[in-house]
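Colleague: Please find one structure pasted underneath; my questions will follow.
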Amino acid sequence: MSFRELLSAISDIIFPPQCLACAEILDPQAKSVFCSSCLEKIRFINGSICPVCGIAFLNSPAESHICGNCLTARPYHTRARAVAGFETVIMDTIHKFKYGRNVVIGDKLGSFMAGFSFPDFDFAEYSLIIPVPLHIKKLRERRFNQSLLLARALGEKHKIPVNFSLLKRHKFTLTQTGFNRTEREKNIKGAFIITDKEKIADKNIILVDDVYTTGATVNECSKILKKGGAKNIAVLTLARVI
Ligand SMILES: [Zn+2]
Ligand SMILES: [Zn+2]
C-alpha cells in the first residue's frame, strides 16, 4: 500500500466516501464514486460508435460505422472516446467540479475516467498525455485546469507521462457556449501554440478534455500537434454531448 493509498484509507474511515452526485454514503468496498441509483442514470458510451469521433449511436441497432460528420470533414485526431453522455448525473458533477472549483471531485472523476474501458482503444499505443490548456486569464479565475486533473489520473493509472506545458492557449477566446459548430471552429482558430516541437515529434499523444461538444476545440489542438510533428492524436473526454 502506497502512502497515498494509506492516507485515502484513513480518510475513508473518518469521512466515509459519498456519491459525487447525490452525497449518499457509499460502501468503500464498492470502489465507486457514484451510488447505484446515480450510476443507473449514467449512459456509458460503450456500444456502437463512430470509430473516428466516437459519437454514440444510441437506441440504434447499427454496427459501429463512420458518421456523416467524419465522412464530410475528417478530424485531425484519429479517434475520440468519451466515458458517458453529457447529461444528468455526469453533467451536474462536472459543473460542481468546474464552477464550484472542487479539486477533490476532480480527482475522483479522474479516477472514474481512468477506470473506464474505452471501446477500441489501447493505452499502450500512446507515450504522452496532454490536457487541453486554459488561457492564463481563465486559469487565474478558475484556479485550476479541470483537464489537467483528469489527465493526471489517466497518466497515473496507465503509466503514461503527462505534460501540461507543451501546448499553450495563447489567444483568449470567447466561451464556446451557445455557438454552433462553424462559430466554434472560427472562435478557436489559432488559439493554441506548441512550446517545444521536439518533445512531440513522432509521438502518439492522448489529448484530454472534460467535455466533447462539437469537437472544435480538440480538433484545433490536434491540428496544431499534427502540424508540429506528432504522429497520431487520440482524444479522451469524460463526457460527450449526445
Ligand atoms: Zn448518488
Ligand atoms: Zn464521426
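Colleague: Identify the single condition in (1) out of contact with any Phe, Trp or Tyr (no Cβ under 8 Å at 6 or more places or on another chain); (2) in the same structural domain as LEU225 (by TED's automatic domain parsing); (3) part of a loop (DSSP other than H, G, I, E, B) that PRO16 does not satisfy, given that it satisfies every other one.
Modeller: PRO16 satisfies all of (1) out of contact with any Phe, Trp or Tyr (no Cβ under 8 Å at 6 or more places or on another chain); (2) in the same structural domain as LEU225 (by TED's automatic domain parsing); (3) part of a loop (DSSP other than H, G, I, E, B) except (2).
Colleague: Same structure again: For the stretch 45-64, does any single residue satisfy the condition of being in the same structural domain as LYS96 (by TED's automatic domain parsing) and assigned to a helix (DSSP H, G or I)?
Modeller: No, because not a single residue in the stretch 45-64 is in the same structural domain as LYS96 (by TED's automatic domain parsing) and assigned to a helix (DSSP H, G or I).
Colleague: I'm told ALA56 meets every condition in (1) of a type in the set (A, V, I, L, M); (2) surrounded by 15 or more Cβ atoms within 10 Å (Cβ to Cβ); (3) within 15 Å of ligand 1 (Cβ to nearest atom) except one. Can you identify the failing condition by its number?
Modeller: Result: ALA56 fails condition (3) only.
Colleague: Still on this model: When you scan the stretch 33-43, do you find a residue that is free of Cβ contacts under 8 Å to residues at least 24 places away in the same chain, outside any helix (DSSP H, G or I), in the same structural domain as ILE130 (by TED's automatic domain parsing) and more than 17 Å from the chain's Cα centre (by Cα), even just one?
Modeller: no
Colleague: Please list, ordered by first then second residue, the pairs with beta carbon atoms under 6 Å, 6 or more apart or interchain, first in the stretch 68-86 and closer than 18 Å to GLY228 by Cα, second more than 9 Å from ligand 2 (Cβ to nearest atom) and polar (S, T, N, Q).
Modeller: Short answer, once both residue conditions are applied: PRO75/ASN219; TYR76/ASN219; TYR76/SER222; HIS77/SER222; THR78/ASN232.
Colleague: Could you list, ordered by first residue, the pairs with Cβ atoms under 7 Å in which the first is in the stretch 196-214 and at positive phi and the second is loosely packed, with under 15 Cβ neighbours inside 10 Å and not charged (D, E, K, R), at least 6 apart or interchain?
Modeller: Listed pairs, sorted by first residue: ASP202/GLY229.
The values are calculated or read from the model by the stated rules, or taken from the named source; none is laboratory data. Nothing here was measured: the structure is a model prediction, and the numbers come from that model. Cβ coordinates were reconstructed from backbone atoms using ideal geometry, including for glycine residues, and neighbour counts include every protein chain displayed.
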